[in-house]
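In what follows, a structure is listed as structure tokens, so that the remarks can point back to it.
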Amino acid sequence: MKYTWSSATHVGLVRESNQDCVAPEHDGATDEILIAAVADGMGGAAAGDVASRVALAAAIAPTPEEQPDPAARVRTGNEAVLKAEAEDRTRRGMGTTLTLGMFHPDGHLDVGHVGDSRMYLFRDGTLTQVTDDHSFVGELVRAGKLNPTEAMQHPRRNIVTRVLGTPGLQVDSVELHLHSGDRVLICSDGLTDMVTRGGIEAILADTTTVTDAAWGLVEAANRAGGVDNTTVVVVDADQ
Ligand code: MG
């Protein structure tokens with residue numbers, strides 16, 4: 001399988017700083033292993049920025065021996081956040097989401113995930129959310145007490161229930177097998193709070209290149225108000 005990717009990140013129209021982080025930072029293509037990830041930091045002025053940056057850097061760092069799986073990488077990111085927090089009192093309570101995919105040449109996609117950033121699979125014209133949101137409203141949606149549109153409007157939609165920066169963190173693992181023609185999206189909540197599932201699906205369907213898809217999503221979030229930082233990675237799988 002060959003993977004072609006594009007990433008895009010934007011501060012939005014309201015926030016003063018961009019506390020999201022993304023990997024890879026540049027567009028490209030490979031027929032080897034690809035690691036793609038989005039982290040959305042939180043915790044006040046500078047701390048949220050530190051949390052997402054140190055978590056992502058630690059999680060994607062090359063390892064001398066066997067490749068750790070994505071859940072192990074997320075746990076490494078968690079340790080890095082805890083260490084950075086212990087070094088500076090002003091960082092107390094900081095945290096970050098992290099959604100990390102390892103795309104293997106044989107089409108396997110392994111995912112490690114914590115928080116309310118998301119991974120979606122776009123296959124045969126249909127968008128499916130791969131990860132569960134670790135958020136107050138995400139739990140209500142899974143329990144059938146709220147629909148996704150109500151969740152987007154909910155006053156407590158920004159409460160994240162599981163983040164890196166937590167001792168003994170529980171990490172979700174998901175495994176998929178990709179088909180030629182699949183498109184995968186990893187994104188921060190700056191996109192999904194602004195653009196409905198149908199809106200995201202339409203942009204992925206209407207764009208040919210991964211670059212047009214990635215920037216089309218960011219522009220849609222900003223057209224809808226851009227109240228948060230928006231970050232996306234789009235990966236196309238082709239035989
Ligand atoms: Mg956000």
Exercise for the section: Give, as a single signed number, the net charge of other residues whose beta carbon lies under 9 Å from the beta carbon of L98, with Lys and Arg counted +1 and Asp and Glu -1. Expected result: 0
Completion exercise
Once the dipole of the chain is set up from charges on Cβ (+1 Lys and Arg, -1 Asp and Glu), the residue from the list H108, T161, V233 lying farthest towards its positive end is T161
Handout entry: Nitroxide proxy distance, nm - points 7 Å out along Cα→Cβ at N147 and E175
Key = 3.6 nm
Exercise for the section: Treating only the Cβ atoms of Lys and Arg (+1) and Asp and Glu (-1) as charged, compute the dipole magnitude of the chain about its Cα centre; round to the nearest 20 debye. Expected result: 860 debye
Exercise for the section: Mind telling me which of E79, E65, E139 comes out most flexible in a GNM of the chain, alpha-carbon contacts under 10 Å? Expected result: E65
Handout entry: Inter-site label distance for D106 and R223 at 7 Å from Cα along Cβ, in nm
Key = 4.2 nm
Practice task
Mind jotting down a quarter of the surface of the convex hull over the alpha carbons of the chain, in square nanometres, one decimal?
Solution key: 12.3 nm²
Fill in the blank from the handout: Here the FRET efficiency for D27 versus N158, based on Cβ atoms and R0 = 30 Å and rounded to 0.05, is 0.50
Completion exercise
Counting only DSSP loop positions in segment 151-219, the trypsin sites (Lys or Arg not before Pro) whose Cβ has at most 15 other Cβ atoms within 10 Å are R156
Problem - Estimated vicinal HN-Hα couplings, Hz - segment 135-143 in sequence order (Karplus 6.51, -1.76, 1.60; Gly, Pro = x) - result: 9, 4, 6, x, 5, 5, 5, 5, 7
Handout entry: ³J(HN,Hα), Karplus 6.51/-1.76/1.60, whole Hz, each residue of segment 83-98, x for Gly, Pro
Key = 5, 5, 5, 5, 7, 8, 4, 5, 8, 4, x, 6, x, 7, 7, 7
Problem - Cα-projected label distance for R123 with T166, points at 7 Å along beta-carbon direction, nm - result: 2.9 nm
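Values quoted throughout were computed directly from the atomic coordinates according to the rules given, and no laboratory measurement underlies them. From a predicted model like this one, the values you see are computed outputs, not experimental measurements. Using ideal geometry, Cβ is built from the backbone for each residue, glycine included, and neighbour counts are taken over all protein chains shown.
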